[in-house]
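The structure appears right after this line, and notes come after that.
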2 protein chains.
Amino acid sequence: MSISVAEENYIKTIYQLQMHEDLVSTNAVAAALQTSAASVTDMLKKLKLKKLLVYEKYKGFKLNQQGIQTALGIIRKHRLWETFLVNTLQFKWDEVHEVAEQLEHIQSAQLIQHLDQFLGNPQFDPHGDPIPDAAGKIPIREQINLTQLPVHAMGKISAVGSQSSDMLALLRHKQIELGATIKVEQIFAFDESIDVTINQATLVNISAKLAKHLYVKTIAL
Amino acid sequence: MSISVAEENYIKTIYQLQMHEDLVSTNAVAAALQTSAASVTDMLKKLKLKKLLVYEKYKGFKLNQQGIQTALGIIRKHRLWETFLVNTLQFKWDEVHEVAEQLEHIQSAQLIQHLDQFLGNPQFDPHGDPIPDAAGKIPIREQINLTQLPVHAMGKISAVGSQSSDMLALLRHKQIELGATIKVEQIFAFDESIDVTINQATLVNISAKLAKHLYVKTIAL
DNA sequence: AATAATTTTTAGACAAATCTAAAAATTAAT
DNA sequence: ATTAATTTTTAGATTTGTCTAAAAATTATT
């Protein structure tokens, strides 16, 4: 059973949204794809029928394992093509997105396998985003920015990107220090602030500005 | 006004057919695209509306200058991608067609420009077919097989691919010799035989087998 | 808790590309 | 030159993905 380009675009978008919020809303998808909420509902029915997502009327939805694997396949293709465009064809990193959006829908396992090999099996694309392997496994960067950590993920503070005394005072106040474990509980879309649990004990809110200066080593759950 | 993938496939097919027969028939397109004659008629109306072809009901049709330019753009992309797949990604020459059929529809002038440059501005694809340049100009191979010469094209016999006495006897009988000018008058689909005028005087029929052994330098009309 | 606001779904319509079956036009054959 | 066969077109239906407007469900507010 083949998947259309439109379906692929929905799957990719839903995947990206459910990285941040566990359940995805109809309106969020509509906004991301610049379409109407009614169209999203229509597509949700189709994707449910194809057993790619878990969905109950009015209750939000998310991709199931099958859907996630499908999404990772599309993201893999997208990022391999971006790598190709920048590394091989000399595109600038900010010129590649539109073209990669088209190339990611080309259907040929052989093509992707050869492209991957030609590029030297890259683990990260030119933007630094991880490229899932053929099985859907996502490489973990040793150290990532806290803003990159998805909801529910855990990490250990490995570096701070500033030495300002104001910032150090704030960290002391929130009991955040190098080596502390941190778990992302919730990400607030409005101001991009993050609720985290420190050392599996205290819940604190971290502003977007502070998060940009904190780096973590991810911990497998 | 943008052109859909379906429209592009029709345009490419019509172009290829009108290389052989001056006017193209509804059924020929339907057969080539494995679709119904009714669908072809529907599409012809759309393409006429977009001013890409000359069409009158029941009277056959052909691409106009605008349509030919569009077709050449698609063929250029197809052949550049085939070159990329074989030369860069190590595909075998007989594995590339299906994938190139998809890649030829990617819309990005910049992508094709960069790809062309990366490949070293190739003039011919791995099958030996000419790659139109960005302006639609088709490179002429010094010497091509007679079977490659389209209807109405002229050439000068430049080589014969066999020295068998049977063949030489046949050539003498038809008054074909090195340096003779040859003009393709008609190509018969049934047995792929060709009617040609020799030295702008005598009309003779050349079998597919004989044509395969004759090479010509093309002459601009 | 009742009402208001928001979100989501349904209902009905539309455009693109296709189909089948039947009608119209052209071409071939007796 | 009629009739038969073939080709092409029309008419009407279908699928996919979309839309708007209205109804239903949920969430927020007073």
Subject >> Extreme residue, nearest to B:His105 (Cα to Cα), among residues of region B:1-31 that are open to solvent by 60 Å² or more (accessible area, probe 1.4 Å) and more than 11 Å from DNA strand C (Cβ to nearest atom) >> reply: B:Gln16
Original post:
Is there a residue in region A:75-93 that is without any contact (Cβ under 8 Å) to a residue 24 or more places away in the chain and farther than 20 Å from A:Gly120 by Cβ?
Top reply: yes
**OP:** Identify, by number, the condition in (1) modelled with pLDDT under 95; (2) more than 23 Å from B:Arg79 (Cβ to Cβ); (3) not acidic (Asp, Glu) that B:Lys46 doesn't meet.
**Re:** (1)
Original post:
Got at least one residue in region A:149-161 being within 14 Å of chain B (Cβ to nearest Cβ) and surrounded by 14 or more Cβ atoms within 10 Å (Cβ to Cβ)?
Top reply: no
**OP:** Go through the residues of region B:131-138 one by one and say whether even a single one is open to solvent by 30 Å² or more (accessible area, probe 1.4 Å), away from chain A (no Cβ under 14 Å) and without any contact (Cβ under 8 Å) to a residue 40 or more places away in the chain.
**Re:** yes
**OP:** Filter region A:27-36 for residues that are small (Gly, Ala, Ser) and more than 7 Å from DNA strand D (Cβ to nearest atom) and give the result.
**Re:** A:Ala28, A:Ala30, A:Ala31, A:Ala32
**OP:** Consider B:Glu21 carefully, then state whether it is touching a His at 6+ places or on another chain (Cβ under 7 Å) and either within 12 Å of DNA strand D (Cβ to nearest atom) or part of a helix (DSSP H, G or I) (or both).
**Re:** no
Subject >> Within region B:189-207, tally of residues that are at pLDDT 90 or above and open to solvent by 70 Å² or more (accessible area, probe 1.4 Å) >> reply: 6
**OP:** Go through (1) closer than 27 Å to A:Trp93 by Cβ; (2) surrounded by fewer than 21 Cβ atoms within 10 Å (Cβ to Cβ) and name the single condition B:Leu103 misses.
**Re:** (2)
Subject >> Residue that is surrounded by the most Cβ atoms within 10 Å (Cβ to Cβ), among those in region A:84-100 that are among the β-branched types (Val, Ile, Thr) and farther than 26 Å from A:Ser2 by Cα >> reply: A:Val96
**OP:** Report, by residue number, each residue of region B:208-221 that is outside any strand (DSSP E or B) and open to solvent by less than 50 Å² (accessible area, probe 1.4 Å).
**Re:** B:Ala208, B:Leu210, B:Ala211
**OP:** Answer yes or no as to whether A:Thr70 is more than 16 Å from DNA strand D (Cβ to nearest atom) and either hydroxyl-bearing (Ser, Thr, Tyr) or assigned by TED's automatic domain parsing to the domain that holds A:Tyr15 (or both).
**Re:** no
Original post:
Just wondering, is there one or more residues in region A:102-123 that are away from every other protein chain (no Cβ under 14 Å), part of a loop (DSSP other than H, G, I, E, B) and at pLDDT below 90?
Top reply: no
Original post:
Mind checking which pairs have a first residue in region B:156-173 that is touching a residue at least 12 places away in the same chain (Cβ under 8 Å) and a second that is basic (Lys, Arg) and in a strand (DSSP E or B), Cβ under 6 Å, 6 or more apart or different chains?
Top reply: B:Lys156/B:Lys217; B:Ser158/B:Lys217
**OP:** Pull up region B:72-95, narrow it to residues that are more than 17 Å from B:Gln16 (Cα to Cα) and in a helix (DSSP H, G or I), then point me to the one that is farthest from the other protein chains (Cβ to nearest Cβ).
**Re:** B:Thr83
**OP:** Search region B:12-39 for residues that are within 11 Å of B:Leu63 (Cα to Cα) and pair each with any residue that is at pLDDT below 95 and within 12 Å of DNA strand D (Cβ to nearest atom) when their beta-carbon atoms are under 6 Å apart and the residues are at least 6 apart or on different chains.
**Re:** B:Leu23/B:Gly60
**OP:** Hey, could you check region A:38-58 for residues that are among the hydrophobic types (A, V, I, L, M, F, W, C) and near DNA strand D (Cβ under 7 Å from one of its atoms) and say which is most open to solvent (accessible area, probe 1.4 Å)?
**Re:** A:Ala38
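The values are calculated or read from the model by the stated rules, or taken from the named source; none is laboratory data. Small disclaimer: the values here were computed from a predicted structure and weren't measured. For neighbour counting, all protein chains shown are included, and Cβ atoms are generated from backbone atoms with ideal geometry for every residue, glycine included. Quick note on the areas: whole protein, heavy atoms, side chains included, nothing else; ligands and nucleic acids left out. Shrake-Rupley method; radii C 1.70, N 1.55, O 1.52, S 1.80 Å.
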